[in-house]
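The block underneath contains the structure these notes are about, expressed in structure tokens.
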Amino acid sequence: MSQTDHRPSDRPGPRLSLGPISYYWPKDKVDAFYAQAATLPVDIVYLGETICGKRNELRLEDWLAIGERLAEAGKEVVLSTLSLLEAESEMMRLRAICDNGRFLVEANDMGAVQLLQGRPFVVGHSVNVYNDRSLQVLARGGLKRWVLPVELTADTLAEMQRLRPDGIETEVYAYGRLPLAYSARCFTARARNLPKDDCQYCCIDYPDGLVVSTQDEQGFLALNGVQTQSAATNNLLPELDRLRELEVDILRINPQAEGTGEIVRLFDQALRGECSPAEASKKVNALTPSGACDGYWHGAAGMDQVANA
Amino acid sequence: MELVCPAGNLPSLKTAVDHGANAVYFGFRDDTNARHFAGLNFTPNKMAEGVEYARRRGVRVFIALNTYPRPDGFTRWQEAVDRAADLGVDALIAADLGVLDYASSKHPDLPLHLSVQGSATNYEALRFYHENFGVRRAVLPRVLSMSQIRHVVDNSPVEVEVFAFGSLCVMVEGRCILSSYATGRSPNTYGACSPASHVEWIETPDGLDTRLGGVLIQRHPKGENVGYPTLCKGTFRVGDQTYHAIEEPISLNAMELLPELQAAGVKAVKIEGRQRSPVYVGQVTKVWRQALDAFARDPDNFTPRPEWTAELGKVSEGAQTTLGAYHRPWQ
């Protein structure tokens, strides 16, 4: 697939973002991924480790260096924080990210929200913002953008959009395996019969997570260290018209091990009207690791596929 | 340390009070609290009766209002906050930023506790709730180790309450939507995990299958003991292994950690189980009262008595207990 000539800025909204990489990839793969991302038609790139404090292929300096290169390529760069903060070592890294002085920060936990009070910040989908009054509380502290929690429906989003405080941007998790839960327990290490303290960083072996199937062979969940994801991939591209009507500012695409560039281009083409959302979505669905879902958007079980078949 | 006991209904409340609870917690009969199960919780009249019963015996009352309202439901949560304030409860246990904001501005004298559903696992998060809403106490999710709890308490501006006994919630509470992924209903929005309305038991030639939202959670050979199919305690396949990929059906029992919890500065221990029977509430409250009293009398020589452990084992999932995340190797 050839690289697009279009610049994101000349495209009708919403803008596109690349979410942080959820998985543990080797540094070479991460570097190659962001070298490619610099050329992709995305407007915003979220960087950093959001799942496990033990994943250390890249340090903050490495992320900042990647951020500089992406900023030079014209991308808005945001640093994302850990979703589950427990140890003081994690709090120290959190403070360093919040005080980076260069890039906007996405808080994925209320501890990060606290540290970012008084500065502009983003809240990620793992911070529970279920109503407009919660948005107002965060707006008082400097909120610039929020990401709709993934279990909320289009109808709830419509209400939130009607009531959101002035100047707050809304982002929707439009593509990716769904983040479903966080635990102190590392389920990937457990699957390998390893204790968490000696996990041997085994999640590096599963660049899209490790699929959990039911006993009747339904691919159901994906283990990603201390995070549990859906096996199916949430894809809201067919809902593009509604997302536009709801004045969503940003659609987030979460990286997967293979095909992310192609998926971004398909979203971009649909946004430009070069192909229909349904047509682009069909091609996107062919690139998911284990099928698509869209139930949450429609008020059904998250795993359901309502309009996305 | 305060013993905080569950009351799914009035008989449970009375039992908890009679067996030595220092405080009881309960919720209204709707989705404003995280134990929204059929036949549970309190109508306004029953709640007034419960508050009166506990009060007269010197037991504190906490109302749990710990789900996350969406915009169209927010006024119901507001009304529930107002009702709790009118009842003069000792604390409102809430999780949602909007609910906490409403409660603290409308009822500045109503003490607020941060629910476990608030997912606060670190002291910076606790500072946020304290600085913004005057929260006085926080219930920590069941995912921190003992040393992490010590560190949180050392740096926290609020009192800390931890779970001591009951179902072992493996995921950070307030941040687990496994249930809604399979059923469309989540603890956060609907107030129930793995709701009974979505559970099916299907007899097969080999035994019994249990499904949640159509997903096969457990396959029981004939004659095997059948538990409630909580999603995270199901049996699944990962690679070529079939096992409890997330957690075994097992309960949390932190009794042997009482001295460490006290030394850490934990203010209250919480018993889980508003969805359990009054018999459960009575047994567990009685045993924990005895343990806390024994510990207070002779803190240096405290160990759980075998009869206490046996009694608690009877009401545990799979008759087994664990120290869960308090104990680092579990993680």
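The values are calculated or read from the model by the stated rules, or taken from the named source; none is laboratory data. The model shown is predicted, which means the values in this text are computed figures rather than measured ones. Every residue, glycine as well, gets a Cβ built from its backbone with ideal geometry; the counts of neighbours run over all protein chains shown.
For residues that are of a type outside the set (S, T, N, Q) and within 14 Å of chain A (Cβ to nearest Cβ), scanning just the range B:291-331, find the one that is farthest from A:ASP198 (Cα to Cα).
B:LEU323
Among the numbered conditions (1) without any contact (Cβ under 8 Å) to a residue 24 or more places away in the chain; (2) crowded, with 24+ Cβ neighbours inside 10 Å, tell me where B:ALA21 comes up short.
Against the list (1) without any contact (Cβ under 8 Å) to a residue 24 or more places away in the chain; (2) crowded, with 24+ Cβ neighbours inside 10 Å, B:ALA21 comes up short only on (1).
Mind checking whether some residue in the range A:201-219 is facing chain B (nearest Cβ under 10 Å) and closer than 21 Å to B:ARG142 by Cβ?
No - not one qualifying residue is present in the range A:201-219.
So which residues in the range A:50-93 are of a type in the set (A, V, I, L, M, F, W, C) and touching a residue at least 40 places away in the same chain (Cβ under 8 Å)?
Result: A:ILE51, A:CYS52, A:LEU60, A:VAL78, A:LEU84.
I want to confirm something. Restricting to the range B:164-208 and keeping residues that are β-branched (Val, Ile, Thr) and within 22 Å of B:ALA138 (Cα to Cα), which single residue is surrounded by the fewest Cβ atoms within 10 Å (Cβ to Cβ)?
Among residues in the range B:164-208 that are β-branched (Val, Ile, Thr) and within 22 Å of B:ALA138 (Cα to Cα), the one surrounded by the fewest Cβ atoms within 10 Å (Cβ to Cβ) is B:THR189.
Can you name every residue in the range A:162-179 that is without any contact (Cβ under 8 Å) to a residue 24 or more places away in the chain and within 12 Å of chain B (Cβ to nearest Cβ)?
Listed by number, the list holds a single entry, A:ARG162.
Among what's in the range B:135-151 and is within 28 Å of B:SER105 (Cα to Cα) and touching an Asp or Glu at 6+ places or on another chain (Cβ under 9 Å), pick the residue that is nearest to the other protein chains (Cβ to nearest Cβ). Give the derivation first.
The first filter runs over the range B:135-151 and keeps only residues within 28 Å of B:SER105 (Cα to Cα), leaving B:135-141.
If we keep only those that are touching an Asp or Glu at 6+ places or on another chain (Cβ under 9 Å) as well, we get B:136-141.
Values: B:ARG136: 17, B:ARG137: 16, B:ALA138: 11, B:VAL139: 14, B:LEU140: 10, B:PRO141: 9 Å.
My answer is B:PRO141.
Under the condition of being modelled with pLDDT under 90 and β-branched (Val, Ile, Thr), which residue from the range B:277-331 is surrounded by the fewest Cβ atoms within 10 Å (Cβ to Cβ)?
Ranking the qualifying residues of the range B:277-331, first place goes to B:THR322.
Would you check which residues across the range B:268-314 are under 17 Å from the mean Cα position of the chain (by Cα), in a loop (DSSP other than H, G, I, E, B) and not acidic (Asp, Glu) and list them?
If the condition is that a residue be under 17 Å from the mean Cα position of the chain (by Cα), in a loop (DSSP other than H, G, I, E, B) and not acidic (Asp, Glu), then B:GLY273, B:ARG274, B:GLN275, B:ARG276, B:SER277 are the ones that fit.
Do any helices (runs of 4 or more DSSP H) entirely within the range B:1-107 hold 3 or more residues that are small (Gly, Ala, Ser) and either within 14 Å of chain A (Cβ to nearest Cβ) or closer than 21 Å to A:LEU135 by Cα (or both), and if so, which?
Working: elements: B:10-18, B:44-56, B:74-87, B:97-106.
Here the list reads B:97-106.
Take A:LEU115 and tell me if it is touching a Cys at 6+ places or on another chain (Cβ under 7 Å) and among the aliphatic types (A, V, I, L, M).
It is true that A:LEU115 is touching a Cys at 6+ places or on another chain (Cβ under 7 Å) and among the aliphatic types (A, V, I, L, M).
When you scan the range A:249-257, do you find a residue that is under 22 Å from B:ALA182 (Cβ atoms), modelled with pLDDT of 95 or more and in contact with a helix residue (DSSP H, G or I) (Cβ under 6 Å, 6 or more places away or on another chain), even just one?
no
When both residues are 6+ apart or on different chains and their Cβ atoms are under 7 Å apart, which pairs have a first residue that lies in the range B:51-65 and is crowded, with 18+ Cβ neighbours inside 10 Å and of a type in the set (Gly, Ala, Ser), and a second that is assigned to a loop (DSSP other than H, G, I, E, B) and modelled with pLDDT under 95?
Qualifying pairs under 7 Å: B:ALA64/B:GLY27; B:ALA64/B:ASN33; B:ALA64/B:ALA34.
Being over 30 Å from B:ARG56 (Cβ atoms) and either in contact with a Cys (Cβ under 9 Å, 6 or more places away or on another chain) or more than 8 Å from chain A (Cβ to nearest Cβ) (or both) is true for just one of B:ASN155, B:ASN122, B:ASN132. Which residue is that? First the steps, then the outcome.
Working: B:ASN122 fails: either in contact with a Cys (Cβ under 9 Å, 6 or more places away or on another chain) or more than 8 Å from chain A (Cβ to nearest Cβ) (or both); B:ASN132 fails: either in contact with a Cys (Cβ under 9 Å, 6 or more places away or on another chain) or more than 8 Å from chain A (Cβ to nearest Cβ) (or both).
Criteria check complete, one pass: B:ASN155.
Looking only at the range B:193-211, which residues are assigned to a helix (DSSP H, G or I) and hydrophobic (A, V, I, L, M, F, W, C)?
Correct list: B:ALA196 only.
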